[in-house]
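Only one structure is covered here, and it is reproduced in the block below.
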Amino acid sequence: MQEVALIRCRASSSRMAVETAAFVAKSSAQTIKRRAAAVAPLRSVCFTAGSVMPDFRKRLPRDICLLLLLLLPYFLALLAARPLNVPDEGRYPEVARAMLLSGDFITPKVNGAVFLDKPALYYWLQALSYQVLGVGTASTRVMPALFGVAGCLLVFLVGRRLFSRRAGWLAAGILASSPLYYIASQYANLDLEVAIWISAALFAVLLGRQAPPAKRRRYFIAAYLAGGCGVLTKGLIGVVLPGLVLAGWLLWRRRWRELPSWHLGWSLPLVLLVCLPWYAAVQAANPQFLHYFFVFQQFERYTAGGFNNAFPWYFYLLVLGLFVLPWSLWLPAALRRAWQRRTEADETRPFLLVWPALILLFFSLPASKIVSYILPVLPPLALLLAAYFDEQLNTAGVPKRLAMLATVVLAGAGGLLLYAIPSLQARYPAAPQLAPWLALLAGVLLAGALLLAWGTVRKRLDLVLSGLLLAAAGTGWCVNIIVGRVDDQTSWPVAQALKPHLSEQALLISYHDYYQDLPIYLNRREPIHVVDNWRDPTLAGKDNWRREFHYALGWQPEAAAWLVGEEGFASLLRQQRPIFVVLAEPLADEVARRHGLRVLWRGSGRAILTRSTAGPVHPVAMQ
């Protein structure tokens, strides 16, 4: 009897084990189905993992077309929405405009004065934009915007190749929506362009070392050509920064034996092929160029003090934290995940970790710091974030603490901004339509926080990502407009007041100031005559337009015809031509009384004097 009972007990236990296993399997299947349903919307279009796609390669042309349809309106829509920002958006585009007018594409000039601070590639591309689209605010920013599109395409293609199709889409979205990156694409200077060339060179090396031997050479040739374009855009950092990253990665991972497979014999010839013709030509035309450009502008500007924008060593960490919000809240988790996933066989994540770390270190050492210098770190960080979110989507997991933190930050920022709108409008009373844009920015932040909260409660990472994307992209758009609304340095009102009176025969004089965007708005052939004390020996130590013109007078004696002192100003006033003098408004009455002129216009802290019989015009309101 005991044996029979024991047999029955064992049978009962077996049935219970089978039933338990079936219950667990059924529950697991239901859980998997619920999680799969939660992330299904992301997998429908652009967040489908490339690893499960049988037609992965066939989708590439369609993906690129779709991405361009999204990116081009996003980057091009607001190019003319704010006035040009000085000094950069007046100085560098003016060089391109002067090249187009004079036909001299070798020696850069600002307002007719030789300007040897930067190489020529940016100016050539900007001149192409002016040739095709004409001179204007939008055409001034077309090239940076197109480089912004190119950078997003670059991280999409690299993310797609190294991680998955979905990771490529995520990387492009993260990079495009990062406020720092978007605003840089709406700003006409050289920093985003050189960042894209540096990124292209490093991505080409990363892909090339993983490519089959038969296809490897094309990647390294592309890398060396991109390095040459970087040198032709902004000088030595076009090759120094990629070289620094590659050397750091090779040293850490002990991959020196790979170097013979990198086709190094092509490197120097290809870099020189791109940049040497212009460097040789500009040196032949300007014998002072090599010393001024490489010693003063490159080495001394990096190692010496006395330049503008001195900040502490941690400045760029603050920049990343503030100007890449809300994505920067997830950066520590993405970096930690990449560090944990590094293996001896995987070189992608170590490469993407070394890249931003060494560039941040490089630019944190000198005292002079400019926000846009760290743009080259954004593409690898976007890829690391994309890889992190791609992995989270595969597991259908929502990091609750990070999602709650991002929700609180966005909601708090939106609420504080709503509260501060009256104070900000009072602080900038002349700023047109400032309050509506501030309210829109606050609304975008609050909407992003709402999506984040909903996604956290529903455990749906697609909603969390949608909230982050909305908040980031909306912040970039709104801040871009708000900056233009509060800009009190623009010469746009001055240009609008001058245009009805200014003929080709008129003489335009800038008195003890130089309004760098005015030549772009007026688009005249003759340089503006600038009155200042050019004999002042301290001008060489200033980091502004006075130092630039001071050096030009030493290189180019004929510039003394339009860079004049007080005696030259009095001589200009004796010419039998219509004369218009632009100056700071507090000086207007005294200068007009002293030289027998009259005030034609006042506004925006400036004034226009003339001896014309035309009556005064009213201040021009900003658009």
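The values are calculated or read from the model by the stated rules, or taken from the named source; none is laboratory data. All figures in this text were calculated on a predicted structure; none of them were measured in a lab. Reconstructed Cβ throughout: ideal geometry from the backbone, glycine too, with neighbour counts over all protein chains shown. The accessibility values were calculated without ligands, DNA or RNA, using every heavy atom of the protein model including side chains. Shrake-Rupley method; radii C 1.70, N 1.55, O 1.52, S 1.80 Å.
Looking only at residues in region 453-477 that are buried (at least 22 other Cβ atoms within 10 Å of the Cβ) and within 20 Å of Ala145 (Cα to Cα), which one is nearest to the chain's Cα centre (by Cα)? Once the filter is applied, the top-ranked residue is Gly476.
For Leu383, the conditions (1) under 26 Å from Leu192 (Cα atoms); (2) open to solvent by 20 Å² or more (accessible area, probe 1.4 Å) are fulfilled apart from (2). Going through (1) under 26 Å from Ala442 (Cα atoms); (2) open to solvent by 10 Å² or more (accessible area, probe 1.4 Å); (3) part of a helix (DSSP H, G or I); (4) of a type in the set (A, V, I, L, M) one by one, Val398 falls short only on (3). Out of Ala588, Ala592, Ala607, one residue alone is assigned to a strand (DSSP E or B) and of a type in the set (Gly, Ala, Ser). It is Ala607.
So which residues in region 427-452 are open to solvent by 40 Å² or more (accessible area, probe 1.4 Å), assigned to a helix (DSSP H, G or I) and touching a residue at least 40 places away in the same chain (Cβ under 8 Å)? Listed by number, the list holds a single entry, Trp437. Just one of the numbered conditions (1) assigned by the TED database to the domain that holds Leu202; (2) closer than 30 Å to Trp477 by Cβ is not true of Leu329: (1). Looking only at residues in region 552-584 that are part of a helix (DSSP H, G or I) and open to solvent by 60 Å² or more (accessible area, probe 1.4 Å), the one that is nearest to Ser510 (Cα to Cα) is Glu566.
For region 290-317, the set of residues classified as of a type in the set (A, V, I, L, M, F, W, C), open to solvent by 60 Å² or more (accessible area, probe 1.4 Å) and at pLDDT 85 or above consists of Leu290, Phe311, Trp313, Leu317, listed by residue number.
Could you list, in sequence order, the residues of region 80-99 that are open to solvent by 10 Å² or more (accessible area, probe 1.4 Å) and modelled with pLDDT of 95 or more? Matches in region 80-99: Tyr92, Arg97, Ala98.
Could you tell me whether any residue of region 523-531 is within 15 Å of Val110 (Cα to Cα), crowded, with 18+ Cβ neighbours inside 10 Å and basic (Lys, Arg)? Looking through region 523-531, none of the residues is within 15 Å of Val110 (Cα to Cα), crowded, with 18+ Cβ neighbours inside 10 Å and basic (Lys, Arg).
How about region 144-168: which of its residues are closer than 20 Å to Asn189 by Cα, of a type outside the set (Val, Ile, Thr) and open to solvent by less than 30 Å² (accessible area, probe 1.4 Å)? Passing the criteria: Pro144, Ala145, Phe147, Gly148, Gly151, Cys152. Scanning region 532-551 for residues that are within 31 Å of the chain's Cα centre (by Cα) and not in a helix (DSSP H, G or I), we see that the one that is nearest to Pro108 (Cα to Cα) is Asn544. Among the residues of region 43-79, those that are modelled with pLDDT of 95 or more and either in contact with a strand residue (DSSP E or B) (Cβ under 8 Å, 6 or more places away or on another chain) or under 23 Å from Tyr388 (Cβ atoms) (or both) comprise Leu67, Leu70, Leu71.
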